[in-house]
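Since the structure comes first, as structure tokens, the remarks are kept for the end.
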Amino acid sequence: MNGVFVFLFAGIWSAGVLFMDLRTAGELWRQFETSHYPVTMGTVTFSQITSHHTSKGGTTYGVDIRYHYVVDDHPFDGSRFRYMSMSTSSDYEWATVTVNKHPVSSQIPVYFNPSDPTDAVLSPDLSGSDLFTVLFLMPFNLVMIGFWIGIGGWLRDRIFNPVAGGVKIIVEGPQTRIRLPQYGALAWGMLATGALSFASIFVVGFASGFRPSMLTALLTLIVVIGSGAGIYVWQWRKIQSGDDDLVLDETSTTIALPETYGRKQRVMVNRSEIEKLTVEVIEHRGSKGGVSYSYAPALWLRRNENVETQKLADWGDRKKAETFAEWLRQRLNLSERAGVIE
């Protein structure tokens with residue numbers, strides 16, 4: 001039931017995000033094309049500030065400027081300021097300045113589409129607010145991508161039933177390395193990019209009335225994407241170094257636990273100390289009362305009459321956790337089958 005809910009939610013979320021993406025991409029392209037539009041002089045027929053009260057009690061401002069212009073002796077009336085609908089709302093100061101620059105009866109340049117003179121704007125070229133729209137949509141797109149990566153992995157595991165739940169296994173002679181990073185490189189990179197783009201909405205957006213300069217918006221976009229890429233590379237190199245590998249050696253009586261889940265360095269475990277391997281069910285309660293579960297394969301060790309557990313992984317996919325635990329149990333020659341601790 002939870003899987004069906006996730007799939008439906010991902011579909012609804014993706015439909016909304018893709019709609020906004022396509023709309024924004026179309027507007028960006030049309031706004032870019034205005035740099036090549038011919039210009040004619042027009043007359044302002046109406047000019048005022050517009051306001052919109054948000055659901056959280058705030059107010060955003062825009063402009064309603066209408067104008068009359070003539071192309072090849074044919075009269076036209078227009079009301080579009082820019083194609084970018086998300087970039088026209090701003091602070092009161094910007095709206096006031098814009099309306100004051102376009103008083104009724106004033107003569108203004110009008111940029112029109114040469115293939116359709118009825119299509120015209122007053123503000124041509126791309127601006128910083130246009131690029132800022134890309135930053136605004138980035139967290140929503142990353143959440144969408146994360147949903148489908150997770151769903152894709154879930155479907156892969158059930159269709160192909162990979163060995164050990166699909167974890168990466170590297171065999172080097174008598175040594176077997178099982179790659180068990182606590183967080184993948186892609187997850188780190190996407191999380192960092194999403195967090196930085198979200199933060200930029202408040203830091204850069206509110207500071208500029210959501211109308212930053214082109215340079216500011218471009219530098220912000222470069223910093224966000226570059227930082228996300230840098231963190232991805234950092235985590236990828238850490239994973240490739242093998243620090244997060246569970247190491248089994250057929251010629252040794254010990255196994256090496258990865259440097260994850262609180263282990264600051266490798267922990268060497270004697271095979272004779274391993275009592276059992278279980279999958280622990282961990283309950284996670286959200287701030288609004290929602291409950292989710294993750295499944296953690298863990299080794300139970302007896303050392304000096306004391307029993308301790310060493311977590312190896314923590315996944316949201318129960319089947320993956322149980323399949324991995326069963327595979328590892330066989331490799332460690334544990335006679336007891338994987339238990340599930342609720």
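Couple of notes before you dig in:
- Ile149 meets each of the listed conditions (1) surrounded by fewer than 15 Cβ atoms within 10 Å (Cβ to Cβ); (2) touching a Ser or Thr at 6+ places or on another chain (Cβ under 8 Å) apart from (2).
- A single entry from Val63, Val99 fulfils the requirement of being part of a helix (DSSP H, G or I), crowded, with 17+ Cβ neighbours inside 10 Å and not assigned by TED's automatic domain parsing to the domain that holds Glu27: Val99.
- Of all residues in the range 294-315, exactly one satisfies the criterion of being within 22 Å of the chain's Cα centre (by Cα) and surrounded by fewer than 17 Cβ atoms within 10 Å (Cβ to Cβ), namely Ser294.
Matching residues to (1) part of a helix (DSSP H, G or I); (2) more than 14 Å from Phe210 (Cα to Cα); (3) among the charged types (D, E, K, R); (4) in the same structural domain as Gly194 (by TED's automatic domain parsing):
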{"site": "Pro117", "(1), (2), (3), (4)": "no, yes, no, no"}
{"site": "Asp130", "(1), (2), (3), (4)": "yes, no, yes, yes"}
{"site": "Leu135", "(1), (2), (3), (4)": "yes, no, no, yes"}
{"site": "Met138", "(1), (2), (3), (4)": "yes, yes, no, yes"}
{"site": "Asn141", "(1), (2), (3), (4)": "yes, yes, no, yes"}
{"site": "Met144", "(1), (2), (3), (4)": "yes, yes, no, yes"}
{"site": "Phe147", "(1), (2), (3), (4)": "yes, yes, no, yes"}
{"site": "Ile151", "(1), (2), (3), (4)": "yes, yes, no, yes"}
{"site": "Arg156", "(1), (2), (3), (4)": "yes, yes, yes, yes"}
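- Ser55 falls short on exactly one of the conditions (1) among the hydroxyl-bearing types (Ser, Thr, Tyr); (2) out of contact with any helix residue (DSSP H, G or I) (no Cβ under 7 Å at 6 or more places or on another chain); (3) modelled with pLDDT of 90 or more, and that condition is (3).
- Residues satisfying the stated conditions in the range 263-298, i.e. hydrophobic (A, V, I, L, M, F, W, C) and free of Cβ contacts under 8 Å to residues at least 40 places away in the same chain: Met268, Ile282, Val291, Ala296, Ala298
- Residue, nearest to Ala313 (Cα to Cα), within the range 247-292, restricted to residues that are of a type in the set (Asp, Glu) and loosely packed, with under 12 Cβ neighbours inside 10 Å: Glu283
- Residue match in the range 240-259 (condition: within 30 Å of Phe147 (Cβ to Cβ), among the β-branched types (Val, Ile, Thr) and out of contact with any Cys (no Cβ under 9 Å at 6 or more places or on another chain)): no
- The set of residues from the range 299-316 being more than 20 Å from Asp244 (Cα to Cα) and among the charged types (D, E, K, R) comprises Arg302, Arg303, Glu305, Glu308.
- Some residue of the range 320-337 being under 32 Å from the mean Cα position of the chain (by Cα), under 24 Å from Val163 (Cα atoms) and aliphatic (A, V, I, L, M): yes
- Of the residues making up the range 244-260, those that are of a type outside the set (Val, Ile, Thr), outside any strand (DSSP E or B) and at pLDDT below 95 are Glu250, Ser252.
- Restricting Pro212, Pro181 to those that are crowded, with 20+ Cβ neighbours inside 10 Å and over 30 Å from Trp148 (Cα atoms) reduces the list to Pro212.
The values are calculated or read from the model by the stated rules, or taken from the named source; none is laboratory data. Treat the numbers as computed from the prediction; the structure is a model and nothing was measured. Cβ coordinates were reconstructed from backbone atoms using ideal geometry, including for glycine residues, and neighbour counts include every protein chain displayed.
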